[in-house]
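S.K.: Sharing a structure, written as structure tokens. Questions coming.
The values are calculated or read from the model by the stated rules, or taken from the named source; none is laboratory data. Worth saying up front: this structure is predicted, and the values here are computed from it rather than measured. Neighbour counts are summed over all protein chains in view; Cβ atoms, including those assigned to glycine, are modelled from backbone coordinates with ideal geometry.
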Amino acid sequence: MTARTITIYAYLQETLETRIERANRRAKRIGQPGYTITITPADPEPVYDEDRIARWHRDENGNSDYPLDSDGRPMSPTDYRQRVTATIDGIVPAIPGGWQLVGLVDEDPVIGPMPRLITDEGRKLNINLDDYRDLDTWNECDHCHTNRDRAKVYLLHSTETGQIVRVGRTCLAVFLGLDVAVPEPAFGVLKEAEDLEEMTWGGGSDDTSYRIDHVLAISHAMVATYGWLSSANARYTPGATSTGERVSLLMKAKGEAAFIERADMIDSVSADTLAELMAYARDLRDHDDSEYARTVSAIVRGTHDNHQLVSGRNIKMLASVVSGYQRAKAREIERATAADSEFVGEVKKRGTFEGLRVIFTRVFDSMYGEKQLIKFVDAAGNILVWWNTGKSNPQVGETYNVTGTVKSHDIYEDVNQTILTRCKLVAC
């Protein structure tokens, strides 16, 4: 059995799997076993804002180094690059006579001879590969003792004598005394896998990951500042930017201004509210069997205990949690007050209703433009509703004195609701 374990950026996983499939097809054609691959999550790579790094703290206790800003404070990552660990397993065909195929040497047109060990057995041996880097002698076969233009030579190890020999492809059968099909087409994928491991970052913003709690906090702050606007409604509103797009742009933005804006928004959301948002998203699939709910829950439950991350491509979906959370909170309040909610005011009469707390807002698009549904609850538990078409943008959790005209007294889902119109709000 041979195995090779590598750590690569997650966006390269598909490339690695394609290479394994191709190698297995080649191995199958010559009647040799192929490889299987096992993928597991690896710790993500933290990324810092290079413009803000003053110096690095070099850790001497085996922990990761971390950067310091100009004030000497440890910096937090701006985002993360997701990585995976890939373990490639395969069977090494037994070769009679006590010989093992352990490596090969081929030539890179720029670097020159490239010796490498391609099996577990080879990597366990104390082989000095420098002996096979000489430009003039690397392709000399130890069987025929000729030095000619070869694509590659194979390294064989004798389990009986410990001898290492290099043999050209055409000499293998004679040297071993049997007709052998070298499984090199499959082994070649190990080198390709190593190439992927050595690749520097080349992914895009969608392949970058961000802290889930930061995305949810910023989404909540965005809704509080601008109100909620879905992607569908933003699409039909010239110049409008959806909430998800706002959050995504800010999370991916670089520079000091973006860093400060993110930090301010995160600090504006209480720990209790953030904990409720996280719990709501995590448990959404337990109450909703839709694909959306299952996906959101899967994102938040994640795979990393210490790094709860969401990929850049899923930021907008995660941001939408805030709207659902606010609707759920409003329903909670309505259910709790349903029995107590009474009609207030007199229909067609104007009045002032004091101490109304906003429990829900949502923007809807219509043929007449945008309108915002706002639900209030007063101190007695009465529910009041206003369809806002102006520039007011009351925030969930805020309390206002509301002057408006009672349009009607309605019953919605067995709850008495007072419908207001032409309202003016004064924050309490």
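S.K.: Is it true that some residue in segment 101-109 is free of Cβ contacts under 8 Å to residues at least 40 places away in the same chain and assigned to a loop (DSSP other than H, G, I, E, B)?
M.R.: yes
S.K.: Going residue by residue through segment 387-401, is there one that turns out to be crowded, with 21+ Cβ neighbours inside 10 Å, within 18 Å of Lys349 (Cα to Cα) and in contact (Cβ under 8 Å) with a residue 12 or more places away in the chain?
M.R.: No; the residues of segment 387-401 include none that is crowded, with 21+ Cβ neighbours inside 10 Å, within 18 Å of Lys349 (Cα to Cα) and in contact (Cβ under 8 Å) with a residue 12 or more places away in the chain.
S.K.: Yes or no: segment 182-197 includes at least one residue that is aromatic (Phe, Trp, Tyr) and at pLDDT below 85.
M.R.: yes
S.K.: Please list, ordered by first then second residue, the pairs with beta carbon atoms under 7 Å, 6 or more apart or interchain, first in segment 1-15 and closer than 19 Å to Ser205 by Cβ, second surrounded by fewer than 16 Cβ atoms within 10 Å (Cβ to Cβ) and modelled with pLDDT of 85 or more.
M.R.: Within 7 Å, the pairs are Gln13/Ile39.
S.K.: Follow-up. I'd like to check something: does segment 216-239 contain any residue that is surrounded by fewer than 19 Cβ atoms within 10 Å (Cβ to Cβ) and within 19 Å of the chain's Cα centre (by Cα)?
M.R.: no
S.K.: So, one more: How many residues are without any contact (Cβ under 8 Å) to a residue 60 or more places away in the chain, surrounded by fewer than 18 Cβ atoms within 10 Å (Cβ to Cβ) and within 41 Å of the chain's Cα centre (by Cα) when one looks only at segment 334-376?
M.R.: So the answer is 9.
S.K.: Take the residues of segment 16-48 that are among the hydrophobic types (A, V, I, L, M, F, W, C) and surrounded by fewer than 16 Cβ atoms within 10 Å (Cβ to Cβ): which is nearest to Arg211 (Cα to Cα)?
M.R.: Restricting attention to segment 16-48, the residues satisfying the condition of being among the hydrophobic types (A, V, I, L, M, F, W, C) are 16, 20, 23, 27, 30, 37, 39, 42, 47.
Checking which are surrounded by fewer than 16 Cβ atoms within 10 Å (Cβ to Cβ) leaves us with 30, 39, 47.
Working: Ile30: 48, Ile39: 22, Val47: 12 Å.
Only one residue tops the list, namely Val47.
S.K.: Kindly evaluate Glu60 against the criterion of being acidic (Asp, Glu), out of contact with any Ser or Thr (no Cβ under 9 Å at 6 or more places or on another chain) and at pLDDT 80 or above. Let's see the steps before the verdict.
M.R.: Values: acidic (Asp, Glu): yes; out of contact with any Ser or Thr (no Cβ under 9 Å at 6 or more places or on another chain): yes; at pLDDT 80 or above: no.
Considered against the rule, which asks whether it is acidic (Asp, Glu), out of contact with any Ser or Thr (no Cβ under 9 Å at 6 or more places or on another chain) and at pLDDT 80 or above, Glu60 comes out as no.
S.K.: Output the residues belonging to segment 59-86 that are exposed (fewer than 14 other Cβ atoms within 10 Å of the Cβ) and under 23 Å from Trp201 (Cα atoms).
M.R.: Asn63, Ser64, Asp65
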